[in-house]
Amino acid sequence: MKYVDQELTIAEMLADPIVQTLMRYDGISASDVRHTIDQVLQNRLSSHRIPMRQSNASIHEWHQPGQRSDAA
C-alpha cells in the first residue's frame, strides 16, 4: 500500500464518494459544509484580536467517557 503525505482540498474531499455517502446518510450537503467553513472563517476573522485563553469560551474535552484526559 502506498502512503501519500498530502491533505485533500475541500473540493476534493467533497467529491470523494465515501464522504458523499456519509454526508447523504447524515443529511448534510456540500453547501452545508461550505457554509459552515465560511462561518468559522468569519468568526475567526472577527475575533482574531482576542486570544482564546482570555476569552470566556468553554473548553471541550474530546475524549471517551470514563477516559482520563491525560491518558496516553
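Okay, here's what the table says:
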quantity: Options Ala72, Ala57; residue that is surrounded by 10 or more Cβ atoms within 10 Å (Cβ to Cβ), in a loop (DSSP other than H, G, I, E, B) and modelled with pLDDT under 80; calculated: Ala57
quantity: Residues within region 13-26 that are of a type outside the set (A, V, I, L, M, F, W, C) and surrounded by 11 or more Cβ atoms within 10 Å (Cβ to Cβ), tallied; calculated: 2
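The values are calculated or read from the model by the stated rules, or taken from the named source; none is laboratory data. All values reported here derive from a predicted model rather than from experimental measurement. Note: ideal-geometry Cβ built from the backbone for every residue, glycine included; neighbour counts use all protein chains shown.
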